[in-house]
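To start, the structure itself, in structure tokens.
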Amino acid sequence: MKLWGGRFTKETNKLVHNFNASIGFDQKFYHQDIRGSIAHVTMLAKQGILTEEEREKIVAGLTSIEQDIALGALPIDGTYEDIHSFVEAHLIQRIGEAGKKLHTGRSRNDQVALDMKLYVRDEIKELKALLLHLMHTLQGLMEEHLDTFMPGFTHLQKAQPVTLSHHLGAYMEMFKRDFDRLLDLRKRMNYCPLGAGALAGTTYPLDRAYTARLLDFDGPTLNSMDSVSDRDYLLELLSLLSILMMHLSRFCEEMILWNSNEYRFVELDDAFATGSSIMPQKKNPDIAELIRGKTGRVYAALISLLTTMKGLPLAYNKDMQEDKELSFDAIDTAKGCLSLFDGMLQTATFRKEQMKKSATGGFTNATDAADYLVNHGVAFRDAHGIVGQLVLLCIEKKCALDDLTLEEFRSISPVFDEDIYDAISLSTCVEKRGTLGAPGKQAMLQILEINRNQLHTWSEM
Ligand code: ARG
């Protein structure tokens, strides 16, 4: 059944039908399509464009169709062009004449613009819940690992000591920004395109503000041509999902490194790891690798839609139908990755001793040794040179700075005294870094408090 057979004299070519049809994927938002239609006819009745009786019949028909689809009693079949035609045809089948009035004052162009916005709004809610859950997991780990020392890296070389709490806190900041971007998008996109018609509004006395209110929008969109051809909010969504995936991917990369035999900072739970078909000893971090890998397809969706949109004249063009599979896939991918990553993190065991050993072994306290000299009146550049010589000595002796005798320290600079050992101990090195945002415990406790309040506010929203 077609919505537009009237002016045609021939059957549509089968391949053309298949190529043009979107029902294979836009059935994903049948619920939103029906919700939008109910709001539309409610407004039409209020405006006297439909009778109250017609409205009731249509709403009852749409509700029964929605229930039947949900129960699997009404399978969505591919002979229809899209979900809009499918619902309308079944409505007419079920309630007769009144069903033919559903599409009064509406085009599929404003209809699909609405459906997609409603769908994205619902998905933003789910993404927020998953992200919030992950942040709660992270907050728990941060509280647990305030005293878990580990090396901090630059250039993947051991640099200065931090704690696991502090390292995880970096990801917390990234996820907080991701969450904020979701809120921001939700706010900016929340205007209702319904009533824009095909491109130039309609001649019926629609009450667009009323429809917008019925559907929880902040108001109607302000230009009918933009309303049917705006896909900015999808580009913003794909862009924020790309950034979110990039964060997950970096975290995964670290989990993969840390899980390797060389680092052994973390042990993934058996339930979140996989084996090899040939090498019996292997326990592989496939989940982390897959999340890292799937980041590529989310980026691809963003670039693909940007490319689709860049040459389109106003207003609606069929190219825009391409927005759906790309967005659906990116959303589903991000949701899946968020919950799997959360599970992997919750069940992983961090090897505190191994992390501490690694922080002790790699001269991560060399800066602190230089700072010690500066505190005793040596200019920083000279101190840097002195500690450089000490490091060379340690490399020769295959030991850490902490293992040198006081005589050895003094052989390079007489400024050193007994208290050097305390000054370069791991705990001193971390504790002394007490500025806001640094790994020292007092500073971290402040951050944990800020996070707790933020997560609480977001959970209440
Ligand atoms: N399936 C179409 C889409 O996703 C719906 C809008 C169709 N409008 C039209 N004039 N052909 O964009």
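The values are calculated or read from the model by the stated rules, or taken from the named source; none is laboratory data. This is a predicted model, so every value here is computed, not measured. Every residue, glycine among them, receives a Cβ derived from its backbone with ideal geometry; neighbour counts consider all protein chains shown.
Just wondering, is there one or more residues in segment 14-35 that are over 19 Å from Pro193 (Cα atoms) and away from the ligand (no atom under 16 Å from the Cβ)?
Narrowing segment 14-35 to residues over 19 Å from Pro193 (Cα atoms): 14-25, 27-28.
From what is left, the residues that are away from the ligand (no atom under 16 Å from the Cβ) are 14-15.
Yes, there is a match, as at least one residue in segment 14-35 is over 19 Å from Pro193 (Cα atoms) and away from the ligand (no atom under 16 Å from the Cβ).
Which ones in segment 1-16 are more than 16 Å from Asp77 (Cβ to Cβ) and assigned to a helix (DSSP H, G or I)?
Gly5, Gly6, Arg7, Leu15, Val16
Scan segment 116-140 residue by residue and report those that are β-branched (Val, Ile, Thr) and within 14 Å of the ligand (Cβ to nearest atom).
Going through segment 116-140, the residues β-branched (Val, Ile, Thr) turn out to be 120, 124, 137.
Hit for segment 116-140 is Val120, nothing else.
Please work out which one of (1) free of Cβ contacts under 8 Å to residues at least 12 places away in the same chain; (2) within 30 Å of Asp368 (Cβ to Cβ) is the condition Met142 fails and give its number.
Exception for Met142: condition (1).
Counting just the residues of segment 1-23 that are surrounded by 14 or more Cβ atoms within 10 Å (Cβ to Cβ) and closer than 21 Å to Leu114 by Cβ, which one comes out farthest from the chain's Cα centre (by Cα)?
Leu3
Among the residues of segment 36-70, how many are surrounded by fewer than 20 Cβ atoms within 10 Å (Cβ to Cβ) and of a type outside the set (Ser, Thr, Tyr)?
The first filter runs over segment 36-70 and keeps only residues surrounded by fewer than 20 Cβ atoms within 10 Å (Cβ to Cβ), leaving 38, 42, 45-49, 51-53, 56, 59-60, 63-64, 66-68, 70.
Next, from what is left, pick out any that are of a type outside the set (Ser, Thr, Tyr): 38, 45-49, 52-53, 56, 59-60, 66-68, 70.
Count: 15.
Say we look at segment 415-461 and pick out the residues that are in contact with a Leu (Cβ under 8 Å, 6 or more places away or on another chain) and closer than 20 Å to Phe380 by Cα; which of these is surrounded by the fewest Cβ atoms within 10 Å (Cβ to Cβ)?
Asp417
Criterion first (part of a helix (DSSP H, G or I) and small (Gly, Ala, Ser)) does Gly197 satisfy it? Don't jump to the end; show me each part of the working.
Working: part of a helix (DSSP H, G or I): no; small (Gly, Ala, Ser): yes.
Answer is no for this residue.
Only one of (1) in contact (Cβ under 8 Å) with a residue 40 or more places away in the chain; (2) surrounded by 18 or more Cβ atoms within 10 Å (Cβ to Cβ) is not met by Tyr204, so which one is it?
Unmet condition: (2).
Can you tell me how many residues within segment 142-166 are within 21 Å of Cys252 (Cα to Cα) and crowded, with 20+ Cβ neighbours inside 10 Å?
11
Give all pairs with beta carbons closer than 9 Å in which a residue from segment 1-28 that is acidic (Asp, Glu) meets a residue that is part of a helix (DSSP H, G or I) and within 12 Å of the ligand (Cβ to nearest atom); count only pairs at least 6 apart in sequence or on separate chains.
Sorted first by the residue in segment 1-28, then by its partner, the pairs are Asp26/Asp33; Asp26/Ile83; Asp26/His84; Asp26/Val112; Asp26/Asp115; Asp26/Met116; Asp26/Gln321; Asp26/Lys324.
What about His133, is it at pLDDT 95 or above and closer than 16 Å to Val266 by Cβ?
Numbers: at pLDDT 95 or above: yes; closer than 16 Å to Val266 by Cβ: no.
No, not satisfied.
Would you check which residues across segment 71-115 are within 15 Å of the ligand (Cβ to nearest atom), hydrophobic (A, V, I, L, M, F, W, C) and crowded, with 23+ Cβ neighbours inside 10 Å and list them?
Ile83, Phe86, Val87, Val112, Ala113, Leu114
Which residue pairs have Cβ atoms under 6 Å apart, sit 6 or more places apart or on different chains, and have a first residue in segment 92-113 that is more than 18 Å from Ile49 (Cα to Cα) and hydrophobic (A, V, I, L, M, F, W, C) and a second that is within 16 Å of the ligand (Cβ to nearest atom) and not in a helix (DSSP H, G or I)?
Ala113/Pro193
List the number of the failed condition for Gly377; all other conditions in (1) part of a helix (DSSP H, G or I); (2) free of Cβ contacts under 8 Å to residues at least 60 places away in the same chain hold.
(1)
Can you go through Leu312, Leu326, Leu305, Leu235 and tell me which one is surrounded by fewer than 16 Cβ atoms within 10 Å (Cβ to Cβ) and within 16 Å of the ligand (Cβ to nearest atom)?
Working: Leu326 fails: surrounded by fewer than 16 Cβ atoms within 10 Å (Cβ to Cβ); Leu305 fails: surrounded by fewer than 16 Cβ atoms within 10 Å (Cβ to Cβ); Leu235 fails: surrounded by fewer than 16 Cβ atoms within 10 Å (Cβ to Cβ).
None of the other options fit; the residue is Leu312.
If you check Thr333, Thr308, Thr349, which single one turns out to be touching a residue at least 24 places away in the same chain (Cβ under 8 Å) and either in contact with a strand residue (DSSP E or B) (Cβ under 9 Å, 6 or more places away or on another chain) or closer than 30 Å to Ala200 by Cα (or both)? Before you say what the answer is, go through the steps one by one.
Numbers: Thr333 fails: either in contact with a strand residue (DSSP E or B) (Cβ under 9 Å, 6 or more places away or on another chain) or closer than 30 Å to Ala200 by Cα (or both); Thr308 fails: touching a residue at least 24 places away in the same chain (Cβ under 8 Å).
Going through Thr333, Thr308, Thr349 in turn, just one is touching a residue at least 24 places away in the same chain (Cβ under 8 Å) and either in contact with a strand residue (DSSP E or B) (Cβ under 9 Å, 6 or more places away or on another chain) or closer than 30 Å to Ala200 by Cα (or both): Thr349.
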